[in-house]
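Presented below is the structure to which this report refers.
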Amino acid sequence: MNFFTNLGSYEAYLQKNPFHKLLNIDLNKYGEVQNKIEHPTYYSVDPKLNEPFPAELDDLVRLHYLVTSRNVTTILEIGVGKSSIVFDHALNLNKQRISSYVEKNLRRSNPFQCFSIDNNKEWIKVCQNTSKTSLIKYHYSECSISTFNGRICTFFEDMPNICPDFIYLDGPDQFSPIGEVRGITTNHPDRLPMSADILALEHFLLPGTLIVVDGRTANARFLKTNLQRGWSYYHEERSDQHYFELVEKPLGIYNKRQIDFCLGNDFYKRIL
């Protein structure tokens with residue numbers, strides 16, 4: 001599974017799609033765009049951390065490229081952040097290019113919208129006030145410790161009622177879900193985030209849907225173990241991103257029309 005065959009140079013991609021300017025990133029000071037940023041051991045599991053993670057352009061370039069190259073129309077973003085700005089930029093490009101065809105030919109009731117859900121009201125307000133986005137629908141919900149088939153995990157209480165063709169999983173953090181199950185929570189530095197919302201939505205998703213999990217390898221393995229449909233899975237270890245694509249035959253004429261237009265013949269070669 002290689003979605004990035006035609007991506008080319010990350011620097012060249014940013015020259016054509018300069019979304020880094022919306023993030024106030026100076027490329028002359030940033031360094032090598034394609035390199036991973038290494039953080040201290042406890043950086044990402046510090047419950048006292050009250051500042052946003054710095055932008056990682058290698059991840060953001062890949063996300064932007066996936067949205068534009070796959071002609072994505074509707075995004076579910078689990079965890080609000082800098083990626084929200086990138087998704088807004090990419091969807092605006094798609095809207096300019098393909099909105100006429102989508103409106104006339106596809107059954108997409110939320111075209112060119114990104115629904116970004118988070119359980120932190122203050123962080124949502126910060127993102128709304130500091131980013132100039134036009135296609136992001138911010139969605140607040142509490143998040144609780146629960147179970148899926150007896151396995152302890154987390155669920156948002158109120159999900160956006162949409163049918164996304166792209167899902168980005170980068171939240172919630174492990175310290176904010178409320179409650180416990182038999183004394184177990186994710187609120188411990190040695191625990192791991194374990195979101196299960198995608199599992200509850202799985203049978204509503206359309207063939208051709210792509211899920212990207214940013215890091216969160218234990219969570220990705222949890223999804224891989226429990227997903228029931230025809231998903232292909234790939235872990236890009238260098239970038240530490242996980243990709244799940246629903247490679248099933250189309251459900252009907254509208255789904256087929258969407259696959260043909262957005263993904264092309266290469267999708268059918270990937271069907272298991």
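The numbers here are math on the coordinates, done by the rules we state, and not lab data. Since we're looking at a predicted model, the values are computed, not measured. So basically every Cβ, Gly included, is an ideal-geometry build from the backbone, and we count neighbours across all protein chains shown.
Largest first, the three principal axis extents of the alpha carbons in the chain are 51, 48, 33 Å in whole numbers.
In the chain, taking the dipole from charged Cβ atoms about the Cα centre, the farthest positive-side position among 72, 195, 235 is held by 72.
Each of 86, 33 has some number of other Cβ atoms within 10 Å of its Cβ, and from fewest to most they run 33, 86. The convex hull around the C-alpha trace of the stretch 118-272, projected and averaged over every direction, spans 10.9 square nanometres. Summary of the geometry: the stretch 155-182 and the stretch 59-91, compared by the centres of their Cα atoms, lie 18 Å apart. Based on DSSP H segments of at least four residues, each scored -39500 (n - 2.57), the chain has a per-residue ellipticity at 222 nm of -9500 deg cm²/dmol. In the chain, a dipole from Cβ-located charges (positive for Lys and Arg, negative for Asp and Glu) runs towards its positive end, and of 255, 90, 6 it is 255 whose Cα lies farthest in that direction. Taking Cβ atoms as reference points and 14 Å as the exclusive limit, the residues near residue 121 contribute a net charge of -4, counting Lys and Arg as +1 and Asp and Glu as -1.
Here the Gaussian network model covers the chain, with springs between Cα atoms less than 10 Å apart; of 75, 152, 136, 152 fluctuates the most. The ranking of 104, 125 by Cβ neighbour count inside 10 Å, starting from the fewest, reads 104, 125. By the count of other C-beta atoms within 10 Å, a proxy for reagent exposure, 114, 262, 143 are ordered fewest to most as 262, 143, 114. Note on residue 159 and residue 265: their simple-model spin labels are 3.6 nm apart, each label 7 Å out from Cα toward Cβ. Would you please classify the overall shape of the stretch 77-116 from the alpha carbon gyration tensor, given that a ≥ b ≥ c denote the square roots of the eigenvalues, rounded means a/c under 1.5, and beyond that prolate means a/b larger than b/c while oblate covers the rest? Oblate shape, in that a/c is at least 1.5 and b/c is the bigger or equal ratio.
The amide H of residue 215, built 1.01 Å from its N in the peptide plane, has 241, 242 as neighbours under 5 Å, considering only residues 5 or more places off or on other chains.
Each Lys or Arg adds one and each Asp or Glu takes one away; over the other residues whose Cβ falls under 10 Å from the Cβ of residue 195, this sums to -1. Ranking 168, 81, 123 by Cα position along the charge dipole of the stretch 13-270, where only Lys, Arg, Asp and Glu carry charges on their C-beta atoms, puts 168 farthest toward the positive end. Here the dipole of the stretch 126-232 is about 260 debye; that uses its Cα centre as origin and unit charges on the Cβ of Lys and Arg (positive) and Asp and Glu (negative).
Taking the Cα centre of the chain as origin and charging only Cβ (+1 Lys, Arg; -1 Asp, Glu), how large is the dipole, in debye to the nearest 20? Mind dumping the intermediate values first?
Working: 30 positive and 32 negative charges, 197 e Å.
Computed charge dipole of the chain: roughly 940 debye.
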